[in-house]
Amino acid sequence: MIGLRILCLALFTFILGYTAIVATHHGFGLLGGFFGDIAAMGWPGQFNVDFMSLLTLSALWLAWRHHFSPLGIVLGMLGFFGGGLFLSAYLFLASFGAGGDMKVLLLGKYRAMG
């Protein structure tokens, strides 16, 4: 579990730093470029479609892990729009809540017990 925690911290730090640099130089106009690349039907758009599918799976997993409760829906939305930055922070914190048990981390406390 320590390896996962180190990876999550490293990813969070890298993504946060990279995002800060990009935002400083290019502003926050992400969506136009993101969907513009998809509309252009090139490799950058293919990458964006693939990435959006991973964001969708992350969002669904977060909502499912929290039994599609209101909190789960909010966490799912944060996972979709927050991407790796949010998911790395979530997994880091949830790993402590799971007491280092990977089954609990992935399934949630109630599903892991039953």
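Which members of segment 64-93 meet the condition of being out of contact with any helix residue (DSSP H, G or I) (no Cβ under 6 Å at 6 or more places or on another chain) and not in a helix (DSSP H, G or I)?
Passing the criteria: His67, Phe68, Ser69.
Tell me, which residue of segment 90-114 that is under 20 Å from Ser53 (Cα atoms) and hydrophobic (A, V, I, L, M, F, W, C) is surrounded by the most Cβ atoms within 10 Å (Cβ to Cβ)?
Leu91
Cβ contacts < 9 Å: first residue part of a helix (DSSP H, G or I), restricted to segment 33-53; second residue basic (Lys, Arg), any location; separation 6+ or different chain. Result?
The qualifying pairs do not exist here.
Among (1) polar (S, T, N, Q); (2) over 24 Å from Leu4 (Cβ atoms); (3) in contact (Cβ under 8 Å) with a residue 60 or more places away in the chain, which single condition is Ser95 missing?
(2)
Can you tell me which condition Ala40 does not meet? The list is (1) surrounded by fewer than 13 Cβ atoms within 10 Å (Cβ to Cβ); (2) farther than 20 Å from Ala94 by Cα; (3) among the hydrophobic types (A, V, I, L, M, F, W, C); (4) under 19 Å from the mean Cα position of the chain (by Cα), and all the others hold.
Evaluating Ala40 over (1) surrounded by fewer than 13 Cβ atoms within 10 Å (Cβ to Cβ); (2) farther than 20 Å from Ala94 by Cα; (3) among the hydrophobic types (A, V, I, L, M, F, W, C); (4) under 19 Å from the mean Cα position of the chain (by Cα) leaves (4) as the failure.
Would you please list the contacts, defined by Cβ atoms under 6 Å and residues six or more apart or on different chains, that run from a residue in segment 5-31 that is in contact (Cβ under 8 Å) with a residue 40 or more places away in the chain to a residue that is of a type in the set (Ser, Thr, Tyr)?
Matching pairs, first to second residue: Arg5/Ser95; Cys8/Ser88; Leu11/Ser88; Phe12/Ser88.
Select from segment 5-38 the residues that are at pLDDT 95 or above and among the small types (Gly, Ala, Ser) and list them in ascending order.
Result: Ala10, Gly17, Ala20.
State all residues of segment 21-47 that are within 15 Å of Gly82 (Cβ to Cβ) and of a type in the set (A, V, I, L, M); if no residue qualifies, say none.
Ala23, Leu30, Leu31
Would you check if there is a residue in segment 61-69 being surrounded by 11 or more Cβ atoms within 10 Å (Cβ to Cβ) and touching a Phe, Trp or Tyr at 6+ places or on another chain (Cβ under 9 Å)?
yes
The values are calculated or read from the model by the stated rules, or taken from the named source; none is laboratory data. Values in this document were obtained by computation on a predicted structure and should not be read as measured data. Here Cβ is always computed from backbone atoms with ideal geometry, including for glycine, and neighbour counts include all displayed protein chains.
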